[in-house]
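The values are calculated or read from the model by the stated rules, or taken from the named source; none is laboratory data. What you see is a predicted model; the values in this text were computed from it and never measured. Here the Cβ positions follow ideal geometry from the backbone for every residue, glycine too, while neighbour counts run over all protein chains shown.
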Amino acid sequence: MSKRRFIAHVDMDAFFAAIEQRDNPRFRGKPVVVGANPKKGKGRGVVSTCSYEARKFGIHSAMPISIAYRKCPHAIFLPVNGKKYSKVSHQIYDILYDFTPDIELVSIDEAFMDITGSYHLFGTPQKTCMLIKSRIKNKTGLTASVGLAPIKMAAKIASDLEKPDGFVEVTEEGLLDFLWPLEISKMWGLGKKTEVVFRDMGMNTIGDIAKKNLKELTDTFGKNGAHFWYLARGIDEREVETETETKSIGNEVTFDRDTSDKERIEGALMALCEKVAGRMRQEGFKGRTITLKIRLEGFKTYTRCVTIGTAINFEDMLYKEVKILYNRFDTKGKKVRLVGVSVSNLSPISSREWLFRETVDKKRESIHKAVDKIKARFGEGFIHRATSGKIIKIGGRKHG
Ligand code: TTP
Ligand code: MG
């Protein structure tokens, strides 16, 4: 039996909207929608978030703003004030760090805290959570919801159950009673497509997953099946990952035939950089140490790494470093079997960057669409040639 842990998940209530209501007393108690300009129902763009009063009209995050306008035209529509929310976010992080250094910042308004080692300072784990809530309220005027549980997944689910201003505790003894009646959609990391298959197999609650035969799940879903089976049984060893931990994000690819074709290898490295950088942004990280892995024919494996001054998470910058490492590597005339790219020395991106991720992603998306169009017209090879030095112009931007 592993050590008893106390993990808290803190999530602010209607974060952007709550800040606006705090700062403008006349907005309090009213439906407030933060997001794109509704332009009397003709606006494009989406809702970032809305107050709980607005949620009663069926409005929610990521909904097109035109639909939100239709649902509640008299709501107070406000633009996103990123600078302000980011500042508040940092104030909240500072408050959390008063309780423990074991904090994993998940997003602009959300964090996991491992309070196993620190709750003695504040009384019981429950008291610690109540104190976190009241300190946030006193210092920022905002409410947070907190879930306390022995595993991360349960803490995350718990913080959401009694929003706003909620506190839900799940004890070690009560863990399965808590998890099993829940719909499988609450399962952390279970995608929509897998959910459909699970339901087809007769699993509608987390308890249904736990009661399945492990073999049946692994036969159908492989390692993932086992992962969800263990989670459903309350077994989740994942730690709260603090900034300094040696987490890395990486990917590798084995060539179908060993190769010494420089263009192919560089093309593969570029594709890996895209994947790794994409995952880093998705998970909210930047990193400073870049590692290139090369396996040659005969299975001898080498790694080469570099640590740079500024943390990065964009593929072009990542590829630049990887290419330098690759060009310095001497294959001694041998063919290459596998290449891998990983980034470590990670730190969470600041809440401000997190906030603007969407805008940046949109820009990237349009570039990628343009690349896909070119691939469709000229074939994959064209893009691969571009990665090995030539510059092609896409959508008015240089890409190479
Ligand atoms: P959430 O914690 O998902 O939402 P919330 O804090 O507004 O409401 P809840 O009480 O349900 O937790 O996200 C935090 C902030 O991130 C949110 O206030 C606005 C921003 N955000 C977006 O900009 N777009 C999105 O699609 C989501 C989900 C959030
Ligand atoms: Mg929130």
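Can you give me the ranges of the helices (runs of 4 or more DSSP H) entirely in segment 287-398 with at least 1 residues that are modelled with pLDDT under 50? Working first, answer last.
Numbers: elements: 315-328, 351-378, 380-387.
The qualifying helices (runs of 4 or more DSSP H) are 351-378, 380-387.
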**OP:** May I ask you to list the residues in segment 142-199 that are on the phi > 0 side of the Ramachandran plot and at pLDDT below 95?
**Re:** Gly189
Subject >> Leading residue by the ranking (farthest from ligand 1 (Cβ to nearest atom)) among those in segment 138-150 that are outside any strand (DSSP E or B) and either over 16 Å from Ala111 (Cβ atoms) or of a type in the set (S, T, N, Q) (or both) >> reply: Pro150
Original post:
Does segment 76-91 include one or more residues that are in contact with a helix residue (DSSP H, G or I) (Cβ under 9 Å, 6 or more places away or on another chain) and in a loop (DSSP other than H, G, I, E, B)?
Top reply: yes
Original post:
Across segment 170-194, which residue is farthest from ligand 1 (Cβ to nearest atom) among those that are within 19 Å of Ile7 (Cα to Cα) and buried (at least 18 other Cβ atoms within 10 Å of the Cβ)?
Top reply: Leu175
Original post:
When both residues are 6+ apart or on different chains and their Cβ atoms are under 9 Å apart, which pairs have a first residue that lies in segment 265-286 and is over 11 Å from Asn251 (Cα atoms), and a second that is among the hydroxyl-bearing types (Ser, Thr, Tyr) and part of a helix (DSSP H, G or I)?
Top reply: Ile265/Tyr326; Glu266/Tyr319; Glu266/Tyr326; Glu266/Thr387; Gly267/Thr387; Met270/Tyr319; Met270/Thr387
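Considering only residues of segment 48-67 that are out of contact with any helix residue (DSSP H, G or I) (no Cβ under 6 Å at 6 or more places or on another chain), farther than 23 Å from Ser145 by Cβ and part of a helix (DSSP H, G or I), which is nearest to ligand 1 (Cβ to nearest atom)?
Applying the first criterion (out of contact with any helix residue (DSSP H, G or I) (no Cβ under 6 Å at 6 or more places or on another chain)) to segment 48-67 yields 52-56, 60-65, 67.
Checking which are farther than 23 Å from Ser145 by Cβ leaves us with 64-65, 67.
When the remaining residues are screened for being part of a helix (DSSP H, G or I), the result is 65, 67.
Details: Ile65: 12, Ile67: 14 Å.
My answer is Ile65.
Output the number of residues of segment 1-47 satisfying the condition of being over 20 Å from Met113 (Cα atoms), within 16 Å of ligand 2 (Cβ to nearest atom) and in a strand (DSSP E or B). Full working, then the answer.
Of the residues in segment 1-47, the ones over 20 Å from Met113 (Cα atoms) are 1, 14, 16-47.
After this cut, where a residue has to be within 16 Å of ligand 2 (Cβ to nearest atom) as well, the list is 14, 16-22, 32-35, 47.
Remaining after also requiring in a strand (DSSP E or B): 32-35, 47.
Adding up the residues that qualify gives 5.
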Original post:
In segment 43-59, which residues are of a type outside the set (Val, Ile, Thr) and modelled with pLDDT of 95 or more?
Top reply: Cys50, Ser51, Tyr52, Glu53, Ala54, Arg55, Lys56, Phe57, Gly58
Original post:
Hey, any hits in segment 69-81 for a residue that's more than 30 Å from Tyr119 (Cα to Cα), more than 16 Å from ligand 2 (Cβ to nearest atom) and among the basic types (Lys, Arg)?
Top reply: yes
Original post:
Considering only residues of segment 151-176 that are of a type in the set (Gly, Ala, Ser) and assigned to a loop (DSSP other than H, G, I, E, B), which is farthest from ligand 2 (Cβ to nearest atom)?
Top reply: Gly174
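Name the residues in segment 94-118 that are part of a loop (DSSP other than H, G, I, E, B) and either touching a His at 6+ places or on another chain (Cβ under 8 Å) or within 16 Å of ligand 2 (Cβ to nearest atom) (or both), would you? Don't jump to the end; show me each part of the working.
In the first step, residues of segment 94-118 are kept if they are part of a loop (DSSP other than H, G, I, E, B); the result is 98-102, 108-109, 115-118.
Hits for segment 94-118 are Ile108, Asp109.
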